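Student: Here's a structure for you.
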Amino acid sequence: MKHIEMYNYWIKNAPMFIAMTGYNLSDFTALLPYFSEAHEKYFENFYVSGKKNKKLKDFSIYKNSPLPTIEDRLVFVLSYQKLNPIQQQQAATFHMTQKQVNLFVHSLTIVLENALTDANVMPAQTEEDLKVKLDTEEEMILIHDGTEREIPRPVDHELQKETYSGKKKKNTLKNGVIINTLCMILFVGATVKGSTHDKKIADLQYLNVLNEIKAKIILLQDTGYQGFAPLGVTTKQPFKKPIGIELTEEQKNWNTALSRIRVMIEHAIGSIKRYRIVKDECRLRKNGYPYKIMAICAGLHNFRVERTPVKYPEIKLT
């Protein structure tokens, strides 16, 4: 099979297309115009290698390119995020060299991020962007949590300590995540070492924003955020069972009701991690790849959810 037939081959089998890219054909087709425009803008200014193009001429794909169409290029980068293959495997699938895979992965990931930004589905990643997301007079119910993903064990002994997660018993990276009740991811914090506590991430990355915004917010959290109480924000969390004392029936019922709502953030994080690049070990190091891929996969989740909203039962917190 020739590499130019890969996209056309996959679209003939709907389950295969979803398995390979994480998107159904409808969502893929909706994302394609944004990707095409971002692709043209990027390659007018940069080569595949990432070097600046000083000629500033109109870009066109060479006929002998291993990825000769925009569809092939979007399929290529989505399949890399979805499957997290070794680059030799990706090279064999798309009939190119491992070096070409490496170059296309890094350049097309930038294009994909720009496309998702243009589609207005990228989550906030800074305090300033989060303020814009939360700039509303309406009451909002938000849910926050932390998520970890495995990385290869660092060679440096001190870095091993910093990235070791006592919870996962592995070397990991961690991100704070905030979602709304539509399961849209509003915020993905800066990637930090796996030993960092969830509450410390919240204190450093978005406590100040929650203290300052005017919106009326109800924030749902687990017991790992004990003591996290931004000014003007109503926080709700489960009752923690004291040592040697049983919770009352009323407290148990509250914990159950709250967990039925908070499970949405587990669904959102699980949806991000359908892309195995943020579920399994991320082997790439160049261009800070492990530190930016989480937000991109969250953007892919948001694009999908915005087109097909997740339906949950009516939320009752009383």
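The values are calculated or read from the model by the stated rules, or taken from the named source; none is laboratory data. Quick caveat, the model's predicted, so the values are computed rather than measured. Cβ sites come from the backbone with ideal geometry, for glycine too, and all protein chains shown count toward neighbours.
Student: So Thr234 passes all but one of these: (1) within 20 Å of Leu186 (Cα to Cα); (2) among the hydroxyl-bearing types (Ser, Thr, Tyr); (3) exposed (fewer than 13 other Cβ atoms within 10 Å of the Cβ). Which condition number does it fail?
Tutor: Every condition holds for Thr234 apart from (3).
Student: Residues in segment 175-198: is at least one under 20 Å from Phe228 (Cβ atoms) and in a helix (DSSP H, G or I)?
Tutor: Checked against the condition, which is being under 20 Å from Phe228 (Cβ atoms) and in a helix (DSSP H, G or I), segment 175-198 yields at least one hit.
Student: Looking at segment 124-152, I want the residues that are farther than 17 Å from Ile265 by Cβ and charged (D, E, K, R) and have a partner that is modelled with pLDDT under 95 and surrounded by 15 or more Cβ atoms within 10 Å (Cβ to Cβ) with Cβ atoms under 6 Å, at least 6 apart or on another chain. Which pairs are those?
Tutor: Note: pairs meeting the criteria are Glu127/Val209; Lys131/Val209; Glu150/Lys170; Glu150/Thr172; Glu150/Glu281.
Student: While we're looking at this one, here's another question. Cβ contacts < 9 Å: first residue without any contact (Cβ under 8 Å) to a residue 60 or more places away in the chain, restricted to segment 158-182; second residue aromatic (Phe, Trp, Tyr), any location; separation 6+ or different chain. Result?
Tutor: Lys170/Tyr164; Asn171/Tyr164; Thr172/Tyr164; Gly176/Phe187; Gly176/Tyr206; Ile178/Phe187; Ile178/Tyr206
Student: Mind listing whichever residues of segment 239-267 are in a loop (DSSP other than H, G, I, E, B) and either among the hydrophobic types (A, V, I, L, M, F, W, C) or touching a residue at least 24 places away in the same chain (Cβ under 8 Å) (or both)?
Tutor: At the first step, the residues of segment 239-267 found to be in a loop (DSSP other than H, G, I, E, B) are 239-248.
If the condition is that a residue be in a loop (DSSP other than H, G, I, E, B) and either among the hydrophobic types (A, V, I, L, M, F, W, C) or touching a residue at least 24 places away in the same chain (Cβ under 8 Å) (or both), then Phe239, Ile243, Ile245, Leu247 are the ones that fit.
Student: Working only within segment 126-164, note down all residues that are part of a helix (DSSP H, G or I) and out of contact with any helix residue (DSSP H, G or I) (no Cβ under 6 Å at 6 or more places or on another chain).
Tutor: Quick first cut of segment 126-164, residues part of a helix (DSSP H, G or I) only: 127-133, 157-163.
Within segment 126-164, Glu128, Asp129, Val132, Lys133, His157, Glu158, Leu159, Gln160, Lys161, Glu162, Thr163 meet the criteria.
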